[in-house]
Amino acid sequence: MKVLLTILLSIGCFFSKAQEVVVLGTAQDGGFPHIGCQNDCLKAHKNVNRAKYVTSLALVDRNSKKWWLFEASPDMDRQLQYFRELTDGDYPYLPEGIFITHAHIGHYTGLMFLGREALGAQGVKVYSLPKMSDFIKSNGPWSQLVNLKNIVPITLTEDSAITVSDGVSVEVFAVPHRDEYSETAGFKVLSGDKGFLFIPDIDKWYKWDRDILEMVNDPMISYAFLDATFFDAGELPNRPMNEVPHPFVSETMALFDEEPTHLKRKIHFIHLNHTNPLLFDKRKRSEVLKKGYKIAEQGTTYD
């Protein structure tokens, strides 16, 4: 009986580690260095090791040798090669599908590289909520990608889940954001007894009809990649920050500071604007890490 139990536990461990998440970028839509930035961005211009791609994740299924991309960022051409290098070329160059949150430039414009002017891909599945799907179908140059069958838009239903591989499901939900052209999605990915949240953009946690504390506290969630566009108020001295509302890192930490350390460790701040000190200020980064939170790191693999 003990031998059988050991075998079953070993099998369980194998399947629980069949999937992994690879961070392909952590910056806000404009990337880092950022256009027009003449402060800390200059160091990133001079030293490529300081530069960060725009936020994107890869979901990898080691059993099926398939993978899925979350966000088609403007850095997607380089991120596809980056993924190949990180995984030693063990997976197809193109993902099985691309999940897109919304129609802001850092999240969908990489689709252009799949068109006739670049890769000329065929049949890449693009998953999104209805307004985002319609936006792609109805507006050039994205509609040309659809007409030439470079991509195949697949419309998701809010608050539902689809199965992408054996034991791997992706649930989509809507979050409040500046929805000029589309709604904005967040994703919950589950594999076996674990999973992750991906919410790179949201206006404010209090504007949402869901409780982010409850979502992160879900025992199935191992990692929560959460919007960390700005650290605090005043980061955009020449622009009203209420025009681009996001939950400040300081606000998110205030929500979780009284929670147990194991809960705070699930949070990985991502989608950092070029003004966010978590990109370049060692002291500020250390303060956040000492509190128990994590900062998503480009090139890191989570399994």
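The values are calculated or read from the model by the stated rules, or taken from the named source; none is laboratory data. Note that this is a predicted model, so its numbers are computed, not measured. Glycine gets a Cβ as well: all are built from the backbone with ideal geometry, and neighbour counts include every protein chain shown.
Numbers at a glance
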| item | result |
| --- | --- |
| Qualifying residues in region 123-138 (those that are polar (S, T, N, Q) and either in contact with a Phe, Trp or Tyr (Cβ under 8 Å, 6 or more places away or on another chain) or within 22 Å of Thr163 (Cα to Cα) (or both)) - the one surrounded by the fewest Cβ atoms within 10 Å (Cβ to Cβ) | Ser133 |
| Residues of region 49-88 classified as in contact (Cβ under 8 Å) with a residue 24 or more places away in the chain, in a loop (DSSP other than H, G, I, E, B) and under 26 Å from His274 (Cα atoms), total | 7 |
| Failed condition for Leu114, given (1) surrounded by fewer than 18 Cβ atoms within 10 Å (Cβ to Cβ); (2) touching a strand residue (DSSP E or B) at 6+ places or on another chain (Cβ under 7 Å); (3) over 23 Å from Gln19 (Cα atoms); (4) of a type outside the set (Val, Ile, Thr) | (1) |
| Pairs, first assigned to a helix (DSSP H, G or I) in region 35-48, second of a type in the set (D, E, K, R), C-beta under 7 Å, six or more apart | Lys43/Arg50; Ala44/Arg50 |
| Subset of region 96-112 (residues that are assigned to a helix (DSSP H, G or I) and of a type in the set (Ser, Thr, Tyr)) | Tyr108, Thr109 |
| Tally, over region 245-270, of residues that are in contact (Cβ under 8 Å) with a residue 24 or more places away in the chain and in contact with a Phe, Trp or Tyr (Cβ under 8 Å, 6 or more places away or on another chain) | 16 |
| The listed residue being assigned to a loop (DSSP other than H, G, I, E, B), out of contact with any Phe, Trp or Tyr (no Cβ under 6 Å at 6 or more places or on another chain), of a type in the set (Asp, Glu) and surrounded by 16 or more Cβ atoms within 10 Å (Cβ to Cβ), out of Glu235, Glu180, Glu158 | Glu235 |
| Selection status of Thr155, hydroxyl-bearing (Ser, Thr, Tyr), in contact (Cβ under 8 Å) with a residue 60 or more places away in the chain and within 26 Å of Ile199 (Cα to Cα) | no |
| The lone exception for Gln298 - which of (1) loosely packed, with under 14 Cβ neighbours inside 10 Å; (2) in a loop (DSSP other than H, G, I, E, B) it fails | (1) |
| Positions within region 256-292 being more than 22 Å from Phe32 (Cα to Cα) and hydroxyl-bearing (Ser, Thr, Tyr), in sequence order | Thr261 |
| Of residues in region 1-36 being buried (at least 17 other Cβ atoms within 10 Å of the Cβ) and among the hydrophobic types (A, V, I, L, M, F, W, C), the one modelled with the lowest pLDDT | Ala18 |
| Flag for Gly120 being under 24 Å from Pro200 (Cβ atoms), touching a helix residue (DSSP H, G or I) at 6+ places or on another chain (Cβ under 9 Å) and at pLDDT 95 or above | no |
| Restricting region 208-232 to residues that are over 30 Å from Val168 (Cα atoms) and touching a helix residue (DSSP H, G or I) at 6+ places or on another chain (Cβ under 6 Å), the residue that is surrounded by the most Cβ atoms within 10 Å (Cβ to Cβ) | Phe231 |
| Lone qualifier among Asp201, Asp193, Asp166 - being surrounded by 17 or more Cβ atoms within 10 Å (Cβ to Cβ), acidic (Asp, Glu), closer than 30 Å to Asp61 by Cα and in contact (Cβ under 8 Å) with a residue 24 or more places away in the chain | Asp201 |
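Residue-wise test of (1) touching a Cys at 6+ places or on another chain (Cβ under 7 Å); (2) of a type outside the set (Lys, Arg); (3) closer than 17 Å to Met215 by Cα.
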position	(1), (2), (3)
Ser250	no, yes, no
Glu259	no, yes, yes
Asn273	no, yes, no
Pro277	no, yes, no
Asp281	no, yes, no
Arg285	no, no, no
Ile295	no, yes, no
Gln298	no, yes, no
